[in-house]
Structure formats: C-alpha cells, structure tokens
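Reading through the structure tokens given below for one structure.
The values are calculated or read from the model by the stated rules, or taken from the named source; none is laboratory data. Quick caveat, the model's predicted, so the values are computed rather than measured. Here the Cβ is made from the backbone with ideal geometry for all residues, glycine too, and neighbour counts use every protein chain on show. The accessibility values were calculated without ligands, DNA or RNA, using every heavy atom of the protein model including side chains. Shrake-Rupley method; radii C 1.70, N 1.55, O 1.52, S 1.80 Å.
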Amino acid sequence: MNEPPVDRHSSQARLRLLLPVLSVVFIAALDLTVVAPILPTVIVDLGISAVDADRYSWIVLSYLVAYTVTVPITGRISDFAGRIPVFAVAMALFLVGSVVVATADTLGSIIAGRTLQGLGGGAMLPVSMALVADVVPVRQRAATLGLVAAVDTFGWVLGPVWGALIFEAFGSWRAIFWINLPLGAIAAAVLLTARSGARRRNPVELPALLPAVVGTFALVAFCLALSSGGEGSLSADQGAAQLGASTNPLADYRWQILAASLVAFVGFVLLERRAERPVLPLALIRQRVFQVAGAANLLVGSALIVAMVNAPLAIAVLSDEERASIDTAILLGSFTLAMTVGAITGGRLVNRLQPSLTAAMGLVTASTGFLMMAMWPAMVDLLLQSTTIAVAGLGLGVVIAPIGEVAIRAARDIDYGAASGLVLVARLLGMTIGLAGVTAFGLERLNRRVGDLPPISPMPGESTANYFVRQQEYLTANLIPLTLDVIHETFLIAALLCAVSIAVVSRMRVPKT
C-alpha cells in the first residue's frame, strides 16, 4: 500500500532529502520571531498609531495562532496525501505569505501575509519530523529528530538577530521577507531531486472534513482566549497599569471565547468518535505513553517561554538603553546555542539510554539552571547571566528528542505525521498557556507589591506639582527592584515546572526497538 522504504544504508540519499527540508524549517522558524526588532519601523511605515498596541500586536499574534493550529492537522494530512506534496503546499503558502508581507501597505494586508506564513511554517515542522521517521533507521531516528528540533529552536530564537542583521544590511524591513523567496526556491529545487523514501499518497481516503474544521475552530478560539491574557483583569488605576500597561481588545470577551472553544472541542470529540475516517488516530491518543509525552511537552513549553520572555525583560530593566539590545542578543544567543547543543545531545543519548532517563537528565539540568537564574543580581553580569540561562537551555534542549521519539514509537508508521503534529502542538500550547499565566501572575504580583508600598505624604508647603513629581520618582525608584523580584519568582515557577515534568517523563516506559 505504501512506497517501499528508502535504502537505509544510503546516508547520502537521506541527506539530499533532509537538508532542504531542514533549511526551509529553519527559515520558517526565523520568521516566527523575526518581526521583533523591526516592529517599530513597520508601525511607522504603515502609519499605525504607536498607542494602538491592540492592533499591531496582530502582526505577531496572527503568525503564532496560525502556526499553532496548523501543526496537528497537516501532520495527519501528510499521512494520507504524502509528505512531499504536503510539504510543497506548506512551503508555497509560506512563500506567498512572504510576498504579501513584503508588499504590504496596510495593517490588514501584513496580517493576512503573516497568517499565510504561519499556516505554511507551522505545517512544515510536523511533516519534516514524520519525514525523518519515514527515511531514517530507528537507531538513528532520535538523533535526527533532535537535529530537527535544534534547527527549529535555533531559528525562532535567532529570529530577532536575523531580522536586525538583514534590516541593517539592506535598510528595509521588507528585505527580510523578500529574501525568503530565493532561499525557498533553492530548497524546493533540491527537494524535487530527492523525493525517494518519503511517504507518498496513501490510497486510503482523507479524513472527514467537518471534524477538522470544528477542531481547528476550537484550537484557534483557545489560543485567542489565552492570548487575550490576564491584563484585562487589572484596573486602569493600579500601579503597573498606570505605568503604561495596555489592554488586549479581546480581554473583555476572553471567557466567552474560551467557552466557545470548549463547546467546539466537545463537538470535535463527538464527531471524531462517530467519524468513519477520524482526523486524529484515536488508538494513538488512547495510549498512555503518548499521553505522557504530550503532557511532558506541555510542561516543557510552559517553562521554556519563561526563559524566552522574562530573561530578556530582566536585562532590559537593568541595561542602559544603548546596551539593552546587545546584552539581550548575547543572552539569547547563549540560550539558543546551549539549547541547540542540548537537542542534538539528547537525540544521541536516546540511543544509549531509555527516553525517560534522557528526558529526566535534561529536566534536572534545566531546573538547576532556572534556580540559578532566580538568584540573578540586581545588575547586569553577562557572564553569570549567560552561563546560567545556558544551563537551563541545555537541559530544555536535551528533553526535546526523547519526547519526540516516544511519540513516534507509540505510533504506527501510517500515523507518524499525526504523532509528530500532536506532540508539537502540546509544546506550543504549553508556551501559550505559560505566556498567559506568567503575564497574569507577573502583573498581579507587581501591582500588589506596588500597592503595598508605604504612601508618601505631602511635605509642608510643597506644591501639588512637586508632590506629584516626588510620587513618580518614588514609584520609579522602587519599580525596578520589585520587577526583578517578580521575574525571579517566575524563574522559580519554571524550575518547579521542570521538577514536575521529571515525575511525568518517568512514566514514559517505552522499550528500545
């Protein structure tokens, strides 16, 4: 029923197939975060008001939501339609989206382009992982999955640096998206000459459409509800909100959106149970080991986002304005490099140790790194801060391959795409949930700490204007140490998440094959 497997002794053939795939995955991962350094310029060029954060935030959010929702679906579709065709369509979507963004002259058009990019970029990752399972021998599969994870991680963490470099080199933010075209074209040309070994179209019909639509709606609504964040619960006159916090326009409706998501999810489950050809392989989802892998990846994603968001925030609070971007780049560079090394190392260790033991070793390392980060001093010490965040990154990287390998081992060969997509979406949802939770926790804690500061009484003969200035100076002087305290608390939460994950991965009892 399926194409005969590739000659697994031909490492050169596998390299010709995987190299262009990894190249495009890397480019798509870059574009996940590439807009960070160019966002102010984009806002000015498109004539968007700088105070309309609720509008221009969709330049980032549209990619993230599209990236997340497409991951579980396209992996499954590739099980039936074939890896290369689905990967090619995903690549085309990504490149078309790049053109739309590069030529955008309105906010609506750039959001549309970013959505197309996200749909294509998110689709390519699970398909590439399933492709690895198709063409790589079992004894080398975990190491190659670790390489895929390393490439993806390195891409989205390096994205801001890449965006800044291309912008400086060409003097235009549009060049960042134009450059995707020749890179994608080269990868496509190489890929077309190395198709053998990848799963081709399965004669079995594609899954039912209605459950896929309902499931997509449930996932989109869930992501939107989480991304509306906890900031909507803060009153405008509270401490940190007075300092410039803005409210997401969906914040007032987040509970209704969440309710709609849950209703749609229930509908999806009912439709899947009754479908003759379900979207997701129910036999795989029912497996305890697969559920454990998904739960572990969700927790890892929640810890990962803490390092990605709050570590640069700590540097931004402490650095001089002219040094902040350089210091942040060094910090994230250390984290990225360590996580990349960890992902490759974890993939190699799985061949010698059980996946559960490999993952536990990584989580112990990550938890130790977060505990050291919780003791960062109230000053910029790049050597200390880069070293400690590198420890956390190394540990988080080690975890990725064993979890992916467990998901693949739990699946039948016809379900590799679905397994890859589901375990990836668990990590993405963990990052989304973690971001929403950290935002809500941080703002609530900061507001409470600011509110607990002893009040300042007016001095005899002091004018109202001088009294107001002194209040602001007092608040500002206390805000930095209070903010750092809250950031340290989030690092402790990340360490706790890693510790809980150790208990979860210990249940990944999968025999070696």
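Among the residues of segment 271-296, those identified as of a type in the set (D, E, K, R), open to solvent by 70 Å² or more (accessible area, probe 1.4 Å) and at pLDDT 75 or above are Arg273, Arg274, Arg286, Arg288. Does Gly437 satisfy the criteria of being assigned to a helix (DSSP H, G or I), of a type in the set (Gly, Ala, Ser) and open to solvent by 10 Å² or more (accessible area, probe 1.4 Å)? Here the answer is yes, as Gly437 does meet what is asked. Please tell me if Ile305 is closer than 26 Å to Leu443 by Cα, open to solvent by less than 10 Å² (accessible area, probe 1.4 Å) and out of contact with any Lys or Arg (no Cβ under 8 Å at 6 or more places or on another chain). No: the conditions fail for Ile305. Residues that are open to solvent by 50 Å² or more (accessible area, probe 1.4 Å) and either at pLDDT 90 or above or under 17 Å from Ser367 (Cα atoms) (or both) within segment 386-417 comprise Thr387, Leu394, listed in sequence order.
Name every residue in segment 247-261 that is modelled with pLDDT of 85 or more and open to solvent by 100 Å² or more (accessible area, probe 1.4 Å), in order of residue number. Gln256, the sole residue that qualifies. Residues in segment 375-385 that are surrounded by fewer than 21 Cβ atoms within 10 Å (Cβ to Cβ), closer than 23 Å to Val341 by Cα and in contact (Cβ under 8 Å) with a residue 24 or more places away in the chain: Leu382 alone.
State all residues of segment 269-282 that are within 17 Å of Ile77 (Cα to Cα) and part of a helix (DSSP H, G or I); if no residue qualifies, say none.
Correct list: Glu272, Leu282.
What do you reckon, is Ala92 surrounded by fewer than 24 Cβ atoms within 10 Å (Cβ to Cβ), under 19 Å from Leu30 (Cβ atoms) and either out of contact with any Lys or Arg (no Cβ under 7 Å at 6 or more places or on another chain) or at pLDDT below 75 (or both)? Criteria met by Ala92. Summed over segment 126-137, residues that are open to solvent by 10 Å² or more (accessible area, probe 1.4 Å) and at pLDDT below 70 total 0.
Any residue in segment 189-209 that is part of a helix (DSSP H, G or I), open to solvent by less than 40 Å² (accessible area, probe 1.4 Å), at pLDDT 75 or above and not basic (Lys, Arg)?
For segment 189-209, residues part of a helix (DSSP H, G or I), open to solvent by less than 40 Å² (accessible area, probe 1.4 Å), at pLDDT 75 or above and not basic (Lys, Arg): absent.
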